[in-house]
Amino acid sequence: AAKSAGRNRYTRFSHALQDAMQQRISLSNDLRDALGLGQLEVHYQPIVELATGRVCKAEALLRWHHPRRGAVSPAHFVPLAEASGLIVDIGDWVFRRAAEQVRRVMALDCPEFQIGVNVSPLQFRNDAGMRKRWLAHLAALGLPTRSVGIEITEGLLLDVSAELTETLRRFSAAGIQISLDDFGTGYASLAYLTRFDLDVLKIDRTFVHRMDSHASDLALCEAIVAMAHKLGMTVVAEGVETRRQRDLLEAAGCDYGQGYLFARPMAGPALEASLRGARH
Ligand code: C2E
Ligand code: MG
Ligand code: MG
Ligand code: MG
């Protein structure tokens, strides 16, 4: 009996695994067509200057409206797009959407506005091509290069090759600002903060989330801000959800906040409407 119970458990387990794999494959196939079928959309989450309350930046975040499954999270489908290589085309598309969006926002009396796009390590495989396409697109729209920024994660910086240093340097030299996303969650050493030319450090929301209940997380946030400023970087806190977190961050000298307290990610027209409203 024990044996057959074990076998059942094994069968159930392997079925679950098979289902999960099949789901992954079918989702990955659907993703191939999603762009052409107009199922992908870019939303924008405002980033607020803490000292003034002004919205000076936003982050571009992908959304997928699947015809049967409904909204699929980027945390779920971006890894599939990376595995299939599709992220290169999708990433180019996000960049173009973000550039067109920032142009509309700048026309609303916000000439300094910047939209950040998330870039996967895979997109850096052919970075020269990517940089050329992106800079050409900005030029065609008549946009300054600082109007679009890129967000990379620590994982990318684990590759300590000379090529990567040079790659990021070229983006910086072109005037494209680089943010380090999800800071504090990766495994890279702090040495990369001086090795690479980074403009902005984004404190991961796990630290922000606990800063009003855990003294150690508050201390970490304060230390991160101080360190970043000494290295000439500005700081964005991610996932700000409460007034108290906002206040603690401002007291710590943090420059910007992003989170549900201020606004959720929203479609382009809603972003424009909220910026128009803020001026009156
Ligand atoms: P991320 O770059 O760290 O983006 C921030 C995530 O935090 C977003 O999740 C955003 O909706 C969420 N968030 C913002 N404020 C709050 C808050 O106050 N509380 C909580 N709990 N969450 C908040 P989202 O949109 O689901 O995106 C997840 C991740 O997917 C992103 O994390 C990014 O790594 C990836 N991603 C999204 N769009 C793209 C893209 O265009 N390209 C690439 N390569 N990755 C993307
Ligand atoms: Mg990001
Ligand atoms: Mg992040
Ligand atoms: Mg994060």
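Numerical summary
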| read-out | value |
| --- | --- |
| DSSP-assigned coil residues among GluC sites (Glu not before Pro) in segment 36-133, each with at most 13 further Cβ atoms within 10 Å | Glu112 |
| Å² per residue, accessible surface of the chain at 1.4 Å | 51 Å² |
| Against the rule of thumb 2.2 N^0.38 Å, how large the Cα Rg of segment 142-183 comes out | 1.23 |
| Backbone HN-Hα couplings from phi across segment 207-221 [Karplus 6.51/-1.76/1.60, Hz, Gly and Pro as x] | 6, 5, 4, 9, 5, 8, 10, 10, 4, 5, 6, 4, 4, 4, 4 |
| For Val55, solvent-accessible area (1.4 Å; no DNA, RNA or ligand), Å² | 40 Å² |
| log10 of Debye I(q)/I(0), alpha-carbon scatterers only, for segment 39-150 at 0.16, 0.19 Å⁻¹ | -0.78, -1.02 |
| Using θ = phi - 60° and Karplus 6.51 cos²θ - 1.76 cosθ + 1.60, couplings along segment 33-45 (whole Hz; Gly, Pro as x) | 9, 4, 5, x, 8, x, 8, 8, 9, 10, 9, 10, 10 |
| Directionally averaged shadow of the chain, computed from the convex hull of its alpha-carbon atoms, nm² | 18.5 nm² |
| Accessible carbon and sulfur surface of segment 129-266 relative to its total accessible area, %, 1.4 Å | 54 percent |
| Extended-chain gain in nm, criterion 0.36 nm per residue less alpha-carbon gap, Ala140 and Ala107 | 10.3 nm |
| Distance from segment 102-167 to segment 1-80 (C-alpha centre basis), Å | 24 Å |
| Radius, Kirkwood style, for segment 150-280 when every pair of distinct Cα atoms is counted (Å) | 15.9 Å |
| Among Pro111, Pro79, Pro67, residue whose mean-square fluctuation peaks in a GNM of the chain (springs only between Cα atoms under 10 Å) | Pro67 |
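The values are calculated or read from the model by the stated rules, or taken from the named source; none is laboratory data. Just so we're clear, the structure is a prediction, and the values are computed from it rather than from any experiment. With ideal geometry, Cβ positions are generated from the backbone for all residues, glycine too; neighbour counts draw on all protein chains shown. Just so you know, the surface numbers come from the protein's heavy atoms only, side chains and all, with ligands and any DNA or RNA stripped out. Shrake-Rupley method; radii C 1.70, N 1.55, O 1.52, S 1.80 Å.
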